[in-house]
Amino acid sequence: MTEDRTPATADNPEGAGTEEESVEQPIKGRKNGLYGEVSDELAESMKSGWADTELRGLAPIEQASRTAARRAALSAAFPGQRLVIPAGNLRTRANDTEYSFRAASEYVHLTGDQSEDAVLVLEPRAEGGHDQALYLLPRSNRENGEFWLDGQGELWVGRRNSLTEAAQLLGLPTRDVRKVAEELAAADASVPTRIVRGYDATLEAAVTSTEEGDEELRVFLSGLRVVKDDWEIGQLRAACTATVNGFTDVVRELSQAVATSERWIEGTFWRRARVEGNDVGYGSIAAAGPHATTLHWVRNDGEVRPGELLLLDAGVETTTLYTADVTRTLPISGTFSPLQRKIYDAVYEAQEAGIAAVKPGARFRDFHDAAQRVLAEHLLAWGLLDASLYDVEKVLELGLQRRWTLHGTGHMLGLDVHDCAHARRESYVEALLEPGVCLTVEPGLYFQQDDLTVPQEYRGIGVRIEDDILVTADGNENLSAALPRTADAVEAWMASLSG
Ligand SMILES: [Mn+2]
């Protein structure tokens, strides 16, 4: 695919491949709540006296050639069909406040852009292939007052890229998104259309598509993300590095968490995520004591007590929206008790067995099976499973260890923490691993506080160890290896940070 990068000139002020003529739009919020009616004199004053801030000759973003290759693969997979990939809309929290926006992963993967309300459209060409266009909200019009009177005006929300700037940065022709619903509605109805559903109800209403066809598009785009390219791997490395920094921050501030609550831990990690990345990639699990046995403990409002364990499952999402997903279980006092260490060591051994099973040609399930076997062996050795009734093969066949291992041992990782979740079974769960796949290995043991089948001293202990593992040509690489993992290394690391 070639992109027209004609720069803006006096004769061609917007550059080629964009449409940025002014669109007359009704102005929302003409009456400003605080200041009342706007005088004609003020409205006139606000129209002029603003400098030209257009940026010229911008270089494409780093990943522009990668996003172009993905769009080419998409185009080849759906010849003769119209494809609509929305970024998604803001969601109202209350009145005129919104939840923070995070663009749809499908859209980000294909464009590198993160704008709300935007949409990528691939329109089939008669001669084959597709015309590609990215529909975005242009810069605010100053003549009609949109700039300062509209809720999405740049005076309120900050400067946007112009359509020309965005075209240069993203390597895609750009158009005004306020025309897209109309253009789609007017488009040739005989062309089969597919849209990624669940992000933009307005666009879904503007096109005619089938549920089955849309699902095929979603499945294809999910499968397109299974193998990461080297730029994506670099992003995942950066996410892991920032995440290691976040865990270090938490250990440094453990005494303040003891003085307050799990929220101090959540907040400490989040500060690092916001400073080094976009955000956390999912709600941090800061689970002290028995909360560690609740798999998705995100209330994080409990006490942090010395003598107990802290299970911290957290990941920084980069500014490009790739996330890490790492768990460490730490002794809050800095030292494991003998029982805590025994359980921790079993989980560590299971994780080591799991990581060793991650290599090209292995089945996705192999690392899960390897880790479960180690955990089942320990549960039998500890007498929690009756060795006079079952051997390890029978335990695994019946899944009896799952009372305490609870969850699968890992998942794909990328733009989403549970990446590629819609991919076909043949390209995920039933697939053979290949270089460039990134996944988590995260076995755990969890003894609920009210579990009468285990000795009292086990109850309320939960341990999980989770790392982000890249499949390489000859095995794997632990991208989060900079965080200590063995019980001894964890204690030494915590001691080194407590001074
Ligand atoms: Mn995970």
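Annotation note: of ALA185, ALA201, the sole residue that is farther than 23 Å from SER105 by Cβ and not acidic (Asp, Glu) is ALA185. Only residues that are touching a helix residue (DSSP H, G or I) at 6+ places or on another chain (Cβ under 6 Å) and assigned to a helix (DSSP H, G or I) were counted across the stretch 250-272, and they come to 10. Within the stretch 457-477, the set of residues being within 16 Å of the ligand (Cβ to nearest atom) and among the acidic types (Asp, Glu) comprises GLU466, ASP467, ASP468.
Looking at the structure I just gave you, is GLY436 in contact with a Phe, Trp or Tyr (Cβ under 9 Å, 6 or more places away or on another chain) and either modelled with pLDDT of 95 or more or closer than 23 Å to LEU375 by Cα (or both)? Here the answer is no, as GLY436 does not meet what is asked. The single condition among (1) modelled with pLDDT under 95; (2) farther than 23 Å from ASN144 by Cα; (3) crowded, with 16+ Cβ neighbours inside 10 Å that ALA16 does not meet is (3). Considered as a group, the residues in the stretch 444-476 that are hydrophobic (A, V, I, L, M, F, W, C) and part of a loop (DSSP other than H, G, I, E, B) include one that is farthest from ILE332 (Cα to Cα), and that residue is ALA473. Answer yes or no as to whether ASP301 is in the same structural domain as GLU442 (by TED's automatic domain parsing), acidic (Asp, Glu) and within 16 Å of the ligand (Cβ to nearest atom). Here the answer is no, as ASP301 does not meet what is asked.
Annotation: of all residues in the stretch 403-433 being assigned to a helix (DSSP H, G or I) and closer than 22 Å to VAL374 by Cβ, the one that is nearest to the ligand (Cβ to nearest atom) is THR405. Of all residues in the stretch 328-347, none satisfies being within 15 Å of the ligand (Cβ to nearest atom), buried (at least 17 other Cβ atoms within 10 Å of the Cβ), part of a loop (DSSP other than H, G, I, E, B) and touching a residue at least 12 places away in the same chain (Cβ under 8 Å). When the stretch 439-456 is filtered for residues that are under 18 Å from ASP369 (Cα atoms) and more than 15 Å from the ligand (Cβ to nearest atom), only LEU445 remains. Evaluate the stretch 374-387: report whether one residue or more is surrounded by fewer than 18 Cβ atoms within 10 Å (Cβ to Cβ) and not in a loop (DSSP other than H, G, I, E, B). Checking the stretch 374-387: at least one residue is surrounded by fewer than 18 Cβ atoms within 10 Å (Cβ to Cβ) and not in a loop (DSSP other than H, G, I, E, B).
Of all residues in the stretch 55-72, none are over 29 Å from PRO173 (Cβ atoms), outside the structural domain of GLU165 (by TED's automatic domain parsing) and at pLDDT below 95. Residues in the stretch 237-265 that are surrounded by fewer than 24 Cβ atoms within 10 Å (Cβ to Cβ), of a type in the set (A, V, I, L, M) and touching a Gly at 6+ places or on another chain (Cβ under 7 Å): ALA242 only. For the stretch 71-125, a residue qualifies if it is in a loop (DSSP other than H, G, I, E, B), of a type in the set (Lys, Arg) and either touching a helix residue (DSSP H, G or I) at 6+ places or on another chain (Cβ under 8 Å) or without any contact (Cβ under 8 Å) to a residue 60 or more places away in the chain (or both), and the qualifying residues are ARG91, ARG125. Being among the polar types (S, T, N, Q) and within 15 Å of the ligand (Cβ to nearest atom) is a condition met by at least one residue of the stretch 274-291.
The values are calculated or read from the model by the stated rules, or taken from the named source; none is laboratory data. As the structure is a computational prediction, the values presented were derived from the model and not from experiment. Cβ sites come from the backbone with ideal geometry, for glycine too, and all protein chains shown count toward neighbours.
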